[in-house]
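Beneath this line is the structure, given in structure tokens, with notes to follow.
The values are calculated or read from the model by the stated rules, or taken from the named source; none is laboratory data. These numbers were taken from a predicted model, which means no experiment stands behind them. Using ideal geometry, Cβ is built from the backbone for each residue, glycine included, and neighbour counts are taken over all protein chains shown. Only protein heavy atoms, including side chains, enter the accessible area calculation; ligands, DNA and RNA are left aside. Shrake-Rupley method; radii C 1.70, N 1.55, O 1.52, S 1.80 Å.
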Amino acid sequence: MTQLALVIDLNVCVGCHACVTSCKQWNTSGWAGPMADFNPYGADPTGTFFNRVQTFEVGEFPHTQTVHFPKSCLHCEDPPCVPVCPTGASYKRKEDGIVLVDYDKCIGCKYCSWACPYGVRELDEAQKVMKKCTLCVDRIYDQTIPEDRRKPACVIACPTSARLFGDVHDPDSEVSVAIREAGGYALMPEWGTRPANHYLPRRRTAIRIHPDELVRADNPLTKEDVALPSADNTLEDAIM
Amino acid sequence: MELPGTRPDQDLGRHEVKTTTCYMCACRCGIRVHLRDGEVRFIEGNPDHPLNRGVLCAKGSSGIMKQYSPARLTRPLRRKAGAERGAGEFETISWDTVFDLLAERLGRIRASDPKKFALFTGRDQMQALTGLFARQFGTPNYAAHGGFCSVNMAAGMIYTIGGSFWEFGGPDLDRAKLFVMIGTAEDHHSNPLKIAISQFKRNGGKFISINPVRTGYSAIADEWVPIRPGTDGALFLALIHELIRLGLYDRDFLTQYSNAAELVNLDEGSSEYGMFVRFEVPPEEGCFDPQNKLWWDRELNRPVGTHTPGVEPRLLGEFHLADDTPVKPAFQLLKERVEAYTPEWAAGITGIPAETIRRLAHEMGITARDRKIELPIAWTDVWDNEHRTVVGNPVAFHAMRGLAAHSNGFQTIRAMSILMTLLGTIDRPGGFRHKAPFPRPIPPCAKTPNGPEGVRPDMPLDGMPLGWPADPDDLFVDAAGEPVRIDKGFSWEYPLSAHGLMHNVITNAWRGDPYRLDTLLIFMANMAWNSTMNTAEVRRMLADKDEDGEYRIPFLVVADAFHSEMTAFADLVLPDTTYLERHDVMSMLDRPISEFDGPVDSVRIPVVEPTGECKPFQEVLIELGSRLKFPAFVDKQGKRKFRDYPDFIVNYETAPGSGIGFLSGWRGRGGEKFLRGEPNPRQWEMYARNGGYYHHELPRSYQYMRNWNKGYLTWARAHGLTRYAEPINIHVYSEVLQKFRLAAQGRTDTRQPPDRLRKRVETYCDPLPFYHEPLESQLTDTRRYPLNAVTQRPMAMYHSWDSQNAWLRQIHAHNHLYIHPKTAAAAGIADGAWMWVESRWGRVRCLACHSESTEPGTVWTWNAIGKAKGAWGLAPDANESSKGFLLNHLISEELPPHDAGEHLSNSDPITGQAAWYDVRVRVYPAGPDEPAESFPQFAAMKPAPGMTTARPKWFAYVAGKFAGASGKEP
């Protein structure tokens, strides 16, 4: 059975917010829209977004990490938002695992947002219904869109290609391979929601220098009429 | 609710897709705009476009909210009779009236003294046209925003390696193994850099970020090296010290492709002191380096002409010519220069531990030496040596305003360019690579007039308004050595100010130093707010009057698409179109979007009709140029040559029959030629058919080593990219600077600087890079003002442009001052509290945010989020003005009076680059009784006639329709 999902590579996410606004512009005029904005030109503007980037710092100077963390509905395999819905508005599709909301059935009671441990549901204050990421369900099957663009708007926009999209149940899919090989993880597994979306962690590349590499026979200083740096000088300075 | 996928999106209305170029920042990505019933429904990156390959950033994806912004100006406006300038009282007028009024006024100025008209522009991407307009008008007073942006980066690199970062070159991250990014704003070069960094990281390269703060790109660096602002030069010099000490430099590259081995005359008594020894007079003079200098032959121990076949020169040593002239290779002088610049010395200045500096040098040197790339590409150099391969040392750098916006930036960037050269990374795989039209000669050929006689009534300027001085004779000064330009560009105060000094125009014009202006035309630059230093004072100057009641700047014209702090001060407002409403070109004559593999230029083609009476600024210039009968715009009978801007683009040639125009693709009558060819009447159509860009991919053998690549240089000359097919040797040692120094020392009989500037020119025009404390710090009590204050630009905003954007302002509605928790604690400033930040020039109240990713001696904020009340279509209580703030209030446009004079620009003494990041500050908490509001505040601006004044409580956008206000479901 197919389970579509996003895999977000924190190793390359620079926090540019391309995913945030590309999502907004696709979806506000799409099936899941509109997405209202309050006080759009006044104090404390706030609106509906299906995807937001949180930024936080980890560690103390100078060993600080700045983490950009994009967050949207994780399309849980066992979504706690679905069973709590009194009207059946929230549902998980069998064919692809996408969690959706039927606005006609939604009464805006917010049970689902209380049940969601990830805080990714947004009550549209204009329409008074719950809205959330649909994985651009109105793009990904649309045969009139070129096949290579038949992906969520956030995925095609992402400048660092930090967002991968595919079937996490297919072991050979790009997303499954990435999760397996790059240490992909799900958020808060202790809640038992089995999120379909995964995150890939930061990976650090280092260069190791052997002291020998600093003293070489082909040192260009040998072509000059000068004394070479003495060994004790060079090595003492180089060994860490 | 209908099941998803019941109807394809394109069936929800009349669906069209149009291809054009984004302009939500200066990156210029290809976009596909989806329209539903003629309104914008979705903007996506163009997958075929070479620049962004289908991706699009947060700004580009919010273009819809720019198009429909309530801040849009839609009618030409004139300040109401009797209304004070700055009060924002306007009446609407017709375009006919605008043109009559401007043609009369400008015609009068042009016929009497053309320099009384000044045209300065912001980040407009049409400098080829605005520059042409200024030149044809005959005024020297033209520049774009480069002087207050990154001219140090352009000039520092172009005067050293013949190319620079961003539009004209960049890091080859596809092949690099080590990437060092230093002082880079998050929007330079936006999407291509993001694409490249992620690929680089995935390919396993090591990414080092050197920056006082860790945000954006730096966040994903493998190593973050915090550095104190303005000290990057010290770091580079220490790295050079270590690389030379250990012999970790590319000797072959230095000897063959730079002037490192060339012998410098050290005869103290000679007027040639510090100049290269020349063995013959060049047969032809031009803007290239004649190959008439000497090496010291290692084998035969005697001088020999450079590039003599089979000769290996000395890089180090001290020698005497036959006439006993003492000489040293330039590299020996560099080695002596960096002797004292030890890692320990730099550690005390930069705050980076000496062992880290040493390790960085080793990682760079060893990666360059031991991880060489050798591509099986045969090429021939200009000395006719045939090479079977192209070699690369895979260490790449990228830098931008963090280095540039300091008064020591030019020499810092020279040091960086020399470091890149030592590592052997210039125009080689995995290192720095040029983009057409670069590399260009050092310096490039364009020159301004060199005296006041270049400005003539009713005549075009006798030279370019901006250029690249090669020696004191190229300066644009009068007989007394004083400036001709209003901004004092190309004078002894800022001899290599290649982009002008826009940041001093208003102050100089207000003071009448060097003279008064009549009319100042500002195009899309917010000079009454975030694009000016000393904002409050400059606002006062804009509206200041003489004793006789006349404005000191008599007539102020502002062309912009949006209502800004600047438009309030206009006497005349010209409403521009948005990028979705107009034709535009990203021209090879300006800053094209070339790739490493060859020239690329591109166009904008309107996707929607202009709003209201908006008119593209290009059309305004074409109309005025035609009415004023500029030679380039009318024929011999004085009849208008160009119908409109698109017609101008097709038919204009730089000289009659030159075959060179604004667009390089599909030239020739049938579109069969490129770069050079007759006008093609169907050129726009051919661009449109190709997704709005033209990309000429060079043969692989022309893609590298272009400074010395015979094939490339010959090709570039044949296609009009360069004037000469001569080698462009890297200036490790800068004779250009030495010429200015010799003049300042009175050793040469060239033009001499005024006495007050002799010491300044002698000190800073050093042929080798050196480190000095930024000028403001030298003149400031740094114990009283111990901290540095800088700005960064967030990736979701471009300068001040996006506060009027309903989606983007939800990401950054107001800014904070980021401060290290220990620094804040020492000052008693709590996280999230109101605080004061104060420089010797003023103080600002703002909100604090504690940050561990901030170097403790630095405070910083996002640039240009803060706005004046009521500006940019925002409500007076918008966060941007109530909580947001502008750091510019703390920064002076002039240095305090000192030995070089008063009223010197707060800029680099060589290039005139605005030294934004030199400012020194102190911080303290705001008092408990103070208002919870940012300071300073200004009277709320009124909306202009023609603007949408309704600010709905809410709306929901659906393909051009705004549901809202009623609260009902649309």
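Count the DSSP beta bridges whose two residues both fall in the protein assembly as shown, then state the antiparallel fraction as a percent rounded to the nearest 5.
Working: 100 of 142 bridges.
Once the DSSP bridges in the protein assembly as shown are tallied, antiparallel ones form about 70 percent.
Return a whole-number percent for the relative contact order of chain B, with Cα pairs under 8 Å and 6 or more residues apart as the contact set.
Working: 2366 pairs, mean separation 171.1, N = 970.
Once normalised by length, the contact order is 18 percent.
Can you work out the FRET efficiency for the pair B:ALA833 and B:PHE962, with r the C-beta to C-beta distance and R0 = 56 Å, to the nearest 0.05?
Details: r = 38 Å, r/R0 = 0.68.
Computed FRET efficiency for B:ALA833 and B:PHE962: 0.90.
Taking only C-alpha pairs under 8 Å that are 6+ residues apart, what is the relative contact order of chain A in percent?
Numbers: 412 pairs, mean separation 63.5, N = 240.
Over chain A, the number comes to 26 percent.
Among all the aspartates and glutamates, which ones have a C-alpha under 18 Å from B:LYS80's C-alpha, if same-chain residues fewer than 8 places away are not counted?
Excluding near neighbours in sequence, the set is B:GLU89, B:GLU91, B:ASP96, B:ASP100, B:ASP544, B:GLU550, B:GLU565, B:ASP571.
May I ask for the angle, rounded to the nearest 10°, between helix B:190-202 and the longest principal axis of chain B, with both axes built from Cα atoms and the value confined to 0 to 90°?
So the helix axis and the longest Cα principal axis differ by about 60 degrees.
Can you give me the % of accessible surface on chain B that is carbon or sulfur? Probe 1.4 Å, all protein chains present, nothing else counted.
Numbers: 14210 of 29170 Å².
The nonpolar share, carbon plus sulfur, comes to 49 percent.
With a 1.4 Å probe and all protein chains in place, put B:ARG667, B:ARG202, B:ARG358, A:ARG180 in order of accessible area, largest first.
Details: B:ARG667 0, B:ARG202 100, B:ARG358 30, A:ARG180 140 Å².
In descending accessible area the options line up as A:ARG180, B:ARG202, B:ARG358, B:ARG667.
What are the residues whose amide H is under 5 Å from the amide H of B:THR21, where those residues sit 5 or more places off or on another chain and H is modelled from the backbone?
It is B:ILE31, B:ILE605, by chain and number.
For the stretch A:1-57, what is the Kirkwood hydrodynamic radius in Å, using each pair of distinct C-alpha atoms? Let's see the in-between values first.
Numbers: mean 1/r = 0.0741 Å⁻¹.
For the stretch A:1-57, the Kirkwood estimate is 13.5 Å.
Give, in nm to one decimal, the length gained when the segment between B:MET1 and B:ASP546 is fully stretched (0.36 nm per residue of separation minus the Cα-Cα distance).
Contour length minus Cα-Cα distance gives 189.4 nm.
Highest mean first, what order results for A:26-38, B:82-94 on Cβ atoms within 10 Å? Before the final figure, lay out the partial values.
On the way: A:26-38: 24.9, B:82-94: 16.0.
Put in order of decreasing packing, that is A:26-38, B:82-94.
Could you work out the mean count of beta carbons from other protein chains within 10 Å of each residue's beta carbon in B:201-210?
Working: counts 7, 7, 1, 2, 2, 4, 2, 1, 0, 0.
Per residue, the number of nearby Cβ atoms from other chains is 3 on average.
I'd like the Karplus ³J(HN,Hα) series for the stretch B:592-599: coefficients 6.51, -1.76, 1.60, θ = phi - 60°, whole numbers in Hz, and an x wherever there's a Gly or Pro.
Each residue of the stretch B:592-599 in turn: x, 10, 4, 9, 4, 8, x, x Hz.
Roughly what % of DSSP beta bridges within chain B run antiparallel, to the nearest 5? Please report the intermediate quantities before stating the final value.
Details: 75 of 114 bridges.
The antiparallel proportion sits near 65 percent.
On C-alpha positions alone, give me the angle between the axis of helix B:409-422 and the longest principal axis of chain B, in degrees, nearest 10.
50
Picking from B:LEU403, B:HIS145, A:GLY166, whose Cα lies most toward the positive end of the charge dipole for the protein assembly as shown (charges on Cβ: Lys, Arg +1; Asp, Glu -1)?
A:GLY166
Per-residue Cβ counts within 10 Å, from other chains only, averaged over B:59-65: what number is that? Before the final figure, lay out each step's value.
Details: counts 4, 6, 13, 7, 2, 5, 5.
Taking the mean over all residues of the peptide, I get 6.
Identify the residues of the stretch B:432-462 with backbone N under 15 Å of a label point that sits 7 angstrom from the Cα of B:HIS387 along the Cα-to-Cβ direction, or state none.
Residues passing the 15 Å test: B:432-434, B:439.
Given Cα pairs under 8 Å that are at least 6 residues apart, what percent is the relative contact order of the stretch A:111-205?
On the way: 85 pairs, mean separation 11.9, N = 95.
It rounds to 13 percent for the stretch A:111-205.
B:ILE373: accessible area at probe 1.4 Å, nearest 10 Å²?
Its accessible surface works out to 30 Å², give or take rounding.
Starting from the Cα of B:ALA480, step 7 Å toward the Cβ, then list every residue of the stretch B:497-534 with an amide N under 13 Å from that point.
B:513-515, by backbone N distance to the label point.
Treating cross-link reach as a plain straight distance, find the lysines whose alpha-carbon is under 19 Å from the alpha-carbon of B:LYS115, omitting any fewer than eight places away in the same chain.
By straight Cα distance, B:LYS115 reaches B:LYS447, B:LYS488, B:LYS629.
222 nm [θ] for chain B, helices only, -39500 (n - 2.57) per DSSP H run of 4+, per residue, to 500?
On the way: 24 runs with 220 residues, N = 970.
Computed mean residue ellipticity for chain B: -6500 deg cm²/dmol.
For peptide A:150-160, what's the mean number of Cβ atoms from other chains within 10 Å of each residue's Cβ? Write down the numbers at each step before the final one.
Working: counts 0, 0, 0, 4, 1, 1, 6, 12, 7, 21, 13.
Mean number of neighbouring Cβ atoms from other chains: 6.
Stretch B:GLN778-B:GLU285 to full length: gain in nm at 0.36 nm per residue minus the Cα-Cα span? Walk me through the numbers on the way to the answer.
Details: separation 493, 0.36 × 493 = 177.48 nm, distance 4.14 nm.
Length gained, B:GLN778 through B:GLU285: 173.3 nm.
Rounded to the nearest 10 Å², what accessible area does B:MET686 show when all protein chains are kept and the probe is 1.4 Å?
20
Ranking request for peptides B:232-242, A:41-51, B:128-138: highest mean number of other beta-carbon atoms within 10 Å first, then the rest in descending order.
On the way: B:232-242: 27.4, A:41-51: 20.9, B:128-138: 23.7.
In decreasing order of mean packing, B:232-242, A:41-51, B:128-138 become B:232-242, B:128-138, A:41-51.
Got a sec? What order do B:ARG922, B:ARG840, B:ARG783 fall in by accessible area at 1.4 Å, biggest, i.e. largest, first? The partial results should precede the final answer.
Values: B:ARG922 70, B:ARG840 95, B:ARG783 205 Å².
Descending accessible area places them as B:ARG783, B:ARG840, B:ARG922.
Between B:ALA378 and B:ARG689, what is the spin-label point distance in nm, taking each point 7 Å from the Cα along the Cα→C-beta axis?
For the pair B:ALA378/B:ARG689, the computed spacing is 3.7 nm.
Between B:GLU104 and B:MET459, what is the spin-label point distance in nm, taking each point 7 Å from the Cα along the Cα→C-beta axis?
Inter-label distance under the simple model: 2.9 nm.
Return the sequence-ordered ³J(HN,Hα) values of the stretch B:114-119 in whole Hz as given by the Karplus equation 6.51 cos²θ - 1.76 cosθ + 1.60 applied to θ = phi - 60°, using x for Gly and Pro.
x, 6, 6, 9, 10, 10
May I ask you to give the solvent-accessible area per residue for chain A, in square angstrom, as obtained with a 1.4 angstrom probe? Each step should come with its number before you reach the end.
Details: 10110 Å² over 240 residues.
Accessible surface, normalised per residue, equals 42 Å².
Mind giving me the nanometre distance, one decimal, between the label points for A:GLN65 and B:ALA950, set 7 Å out from Cα along Cα→Cβ?
Between A:GLN65 and B:ALA950, the label points sit 5.0 nm apart.
By how many nm would the segment from A:THR87 to A:GLU147 grow when fully extended, if each residue of separation counts as 0.36 nm and the alpha-carbon distance is taken off? Mind dumping the intermediate values first?
Working: separation 60, 0.36 × 60 = 21.60 nm, distance 3.56 nm.
Length gained between A:THR87 and A:GLU147: 18.0 nm.
Compute the Kirkwood hydrodynamic radius of chain B, taking the inverse of the mean of 1/r over all pairs of distinct Cα atoms, and give it in Å to one decimal.
Values: mean 1/r = 0.0345 Å⁻¹.
Across chain B, the inverse of the average 1/r is 29.0 Å.
What is the packing order of peptides A:203-210, B:328-335, taking the mean over residues of other C-beta atoms within 10 Å and listing the highest first? Walk me through the intermediate numbers first.
Numbers: A:203-210: 12.8, B:328-335: 23.8.
Result, highest mean first: B:328-335, A:203-210.
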